[in-house]
Amino acid sequence: MKTILVTGGAGFIGSNFIRYVFGKGGFRGRVVNLDKLTYAGNLENLADIERKYKGRYTFVKGDICDFKLLNGIFKKYKPEAVAHFAAESHVDRSIFGPKDFVETNIQGTFALLETARNFWQNSSIPDSRFPTSFRFHHVSTDEVYGSLGKTGKFKETTPYDPRSPYSASKASSDHLVRAYHHTYGLPVTISNCSNNYGPYHFPEKLVPLAILNALEGKPLPVYGDGLQVRDWLYVEDHCAAIWEIINKGRAGETYNVGGNCEMKNIDVVKGICSALERAVPARHNKALNGKNYADLITYVKDRAGHDRRYAIDFSKIKKELGWQPAVRFAGGLAKTVDWYLANPGWVKNVKTGAYRKWISRNYGK
Ligand code: NAD
Ligand code: DAU
């Protein structure tokens with residue numbers, strides 16, 4: 001049975017990825033999910049997976065900075081592939097407290113690379129060369145490229161220019177991953193992706209925050225003038241891209257992944273208001289007290305060092321691997337709104353912090 005080690009699988013994209021791999025990805029092997037369960041890790045994201053794929057899904061609670069733990073995991077499970085999602089992921093948090101970002105994103109990636117290299121070099125291949133099928137896939141961000149002017153898109157060859165502690169820590173980890181390929185030959189791939197949205201998104205990020213605040217009649221905070229542009233991608237499309245890269249991508253290569261969906265933040269928030277109006281008309285929502293959803297939009301102080309525009313040129317992955325986004329923004333947003341409405345238990349547990357108790361109840365941790 002083939003084994004994939006997923007780091008950060010209890011987070012937003014990691015949990016969607018595990019669901020994708022077992023489902024549409026058609027994977028028949030085992031997934032080992034290593035996650036520290038920070039505030040962003042929520043095992044409730046995977047409750048259905050745990051039930052459905054008993055024996056093929058294993059959760060290990062732990063820190064990617066822990067060499068001893070990592071060695072034990074590689075020895076025990078002998079993964080053929082690593083899908084590395086674990087990270088501190090929120091830009092605002094990196095501005096107020098960069099330490100965890102440096103530790104997890106840089107030192108943690110280093111620990112994982114070093115352990116993977118030892119495992120690969122000492123694997124049972126007679127001439128001690130790595131099995132060609134081994135893959136270390138590093139999940140990264142378009143933010144490493146910095147900010148764009150009015151025109152142009154990020155290509156894989158765009159020089160790095162990270163501008164927040166988050167993006168600087170991700171850029172640093174990308175460089176380490178490439179260095180392990182160049183120096184040791186470790187068969188790595190990297191994806192640099194734009195903004196994701198979809199189910200299981202933690203409500204500190206713009207899309208879920210706006211959906212949940214709007215439903216409760218709370219302000220929808222828009223930073224600065226709201227004219228910053230992001231390129232939005234439905235999370236399942238991102239998972240499909242990563243799965244293609246792990247299976248068919250060329251070792252040592254970087255692939256940009258994006259949604260072909262540049263939107264100003266204010267238009268994203270207005271889009272959320274429209275999607276909500278269709279699902280739960282404001283006149284039926286008592287929390288709104290007669291207001292419309294859009295009346296809740298509130299301009300607030302801008303994020304420090306806020307990047308103005310991101311846009312992704314994904315022609316390389318399209319040409320080489322045949323991947324392109326399948327979900328359009330309006331449809332993806334409607335599905336996302338429906339998911340939050342259909343999962344009030346998940347929402348309540350996240351909003352009240354009870355998901356931490358859910359984890360201790362079910363895992364004794
Ligand atoms: P998330 O914050 O939702 O999840 C991160 C997960 O990593 C959590 O489960 C957390 O418990 C775990 N984790 C954190 N520190 C850890 C550590 N030291 N050891 C083990 N586990 C740890 O993040 P996300 O939005 O799912 O992002 C996943 C990855 O994708 C990140 O590497 C991020 O940089 C990248 N990315 C995210 C986006 C996006 O729009 N969210 C876009 C492009 C790239
Ligand atoms: O571009 C990829 C990145 O997208 C990932 O690498 C990050 O992990 C992920 O968090 C995301 O970063 P952003 O900073 O772009 O996401 P966020 O949802 O925090 O913000 C999206 C945009 O909306 C950004 O321009 C800031 C703005 N914003 C955000 C929040 C939380 C608001 O205007 N109001 C808000 O309340």
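Readers should treat all values here as calculations from the given coordinates under stated rules, not as data from a laboratory. Model, not experiment: these values are computed from the prediction. Cβ placement follows ideal geometry from the backbone for every residue including glycine, while neighbour counts extend to all protein chains displayed.
Which one of 284, 137, 175 has the biggest mean-square fluctuation once the chain is modelled by GNM with Cα springs under 10 Å?
Of 284, 137, 175, the Gaussian network model singles out 284 as fluctuating most.
About the Cα centre of segment 67-120, what is the dipole size in debye to 20, counting +1 per Lys and Arg Cβ and -1 per Asp and Glu Cβ, all else neutral?
Numbers: 7 positive and 6 negative charges, 70 e Å.
Charge dipole of segment 67-120: 340 debye, to the nearest 20.
Taking 22 Å as R0, compute the FRET efficiency from the Cβ-Cβ separation of residue 361 and residue 52 and round it to 0.05.
FRET efficiency, residue 361 to residue 52: 0.65.
May I ask you to list the residues of segment 20-34 whose amide nitrogen lies under 11 Å from a point 7 Å from Cα along the Cα→beta-carbon direction of residue 60?
The answer is 32-34.
Projected onto the charge dipole of the chain (+1 at Lys/Arg Cβ, -1 at Asp/Glu Cβ, origin at the Cα centre), which of 86, 14, 55 gives the Cα projection farthest towards the positive end?
Selected residue: 55.
Pick from 334, 251, 287: which is most flexible by mean-square fluctuation in a GNM of the chain where alpha carbon atoms under 10 Å apart are linked?
Looking only at 334, 251, 287, the largest GNM fluctuation is found for 287.
Of 54/99; 52/155; 218/357, which ones are farther than 32 Å apart at the Cα?
54/99; 52/155
Would you mind checking the radius of gyration and Dmax of segment 129-217 based on alpha-carbon positions, in Å?
Expressed in Å, the Cα Rg and Dmax of segment 129-217 come to 17.0, 59.
Give me the percent of Cα-Cα pairs in the chain that sit more than 29 Å apart, rounded to a whole number. Intermediate results must be reported in sequence, preceding the final value.
On the way: 26328 of 66430 pairs.
Everything past 29 Å amounts to 40 percent.
Please give the calculated 222 nm ellipticity per residue for the chain, where each DSSP H segment of at least 4 residues contributes -39500 (n - 2.57) and the sum is spread over every residue; nearest 500 deg cm²/dmol? Walk me through the intermediate numbers first.
On the way: 13 runs with 146 residues, N = 365.
The per-residue figure over the chain is -12000 deg cm²/dmol.
Just in segment 305-362: which trypsin sites (Lys or Arg not before Pro) are loop by DSSP and have at most 14 other Cβ atoms within 10 Å?
308, 328
Taking 0.36 nm per residue of sequence separation and subtracting the Cα-Cα distance, how much length would be gained by fully extending the chain between residue 341 and residue 2, in nm to one decimal?
118.4 nm
How big is the antiparallel share of DSSP beta bridges in the chain, given as a percent to the nearest 5?
10 percent
Test of understanding: ordering 138, 182 by Cβ neighbours within 10 Å, fewest first, what list do you get?
The most exposed by this proxy come first: 182, 138.
Relative to the longest principal axis of the C-alpha atoms of the chain, give the angle of the C-alpha long axis of helix 67-77, reported between 0 and 90° and rounded to the nearest 10°.
80 degrees
Using the alpha-carbon centroid of each, what span in Å lies between segment 321-365 and segment 206-281?
14 Å
Along the charge dipole of the chain, which of 70, 276, 341 sits closest to the positive end, that is, farthest toward it, with unit charges on the beta carbon of Lys, Arg, Asp and Glu (+1, +1, -1, -1)?
The residue sitting farthest along the positive end of the dipole is 341.
Could you work out how much longer the chain between residue 184 and residue 156 gets when fully extended? Use 0.36 nm per residue separation minus the Cα distance between them, nm to one decimal.
Contour length minus the Cα-Cα distance gives 7.9 nm.
Where nothing but the Cβ of Lys and Arg (+1) and of Asp and Glu (-1) is charged, how large is the charge dipole of the chain around its Cα centre, in debye to the nearest 20?
960 debye
Can you run phi through the Karplus equation (6.51, -1.76, 1.60; θ = phi - 60°) for segment 133-140 and list ³J(HN,Hα) in whole Hz, with x for Gly and Pro?
Along segment 133-140, the couplings run 6, 5, 9, 10, 9, 9, 8, 10 Hz.
Tell me, what is the FRET efficiency for residue 308 and residue 78 to the nearest 0.05, using R0 = 35 angstrom and their Cβ-Cβ distance as r? Walk me through the numbers on the way to the answer.
Working: r = 46 Å, r/R0 = 1.30.
Efficiency for this residue pair is about 0.15.
Report the charge-dipole magnitude of segment 1-89 in Debye, nearest 20, computed about the Cα centre from +1 at each Lys and Arg Cβ and -1 at each Asp and Glu Cβ.
Value, rounded to 20: 540 debye.
Can you list the lysines whose alpha carbon sits under 28 Å from that of residue 153, skipping same-chain ones fewer than 8 residues off?
170, 205, 248, 264, 270, 301, 316, 318, 319, 335
Round to the nearest 10 and give me the degree value, 0 to 90, for the angle of helix 354-363's Cα axis relative to the longest principal axis of the chain.
30 degrees
Length gain on complete extension for the stretch residue 348 to residue 315, per 0.36 nm per residue less the alpha carbon to alpha carbon distance?
7.8 nm
Compute the long axis of helix 206-215 from its Cα atoms, compare it with the longest principal axis of the Cα atoms of the chain, and write down the angle in degrees, 0 to 90, nearest 10.
It is inclined by approximately 40 degrees.
Between 72, 332, 11, find the one with the highest GNM mean-square fluctuation for the chain; connect C-alpha pairs within less than 10 Å.
Highest fluctuation of the listed residues: 72.
Under a crude label model (7 Å from the Cα following the beta-carbon direction), how far is residue 324 from residue 294 in nanometres?
Those two pseudo-labels are separated by 3.2 nm.
Answer with one residue from 187, 222, 165: the one whose Cα lies farthest towards the positive end of the charge dipole of the chain, charges on Cβ with Lys, Arg +1 and Asp, Glu -1.
The residue sitting most towards the positive pole is 187.
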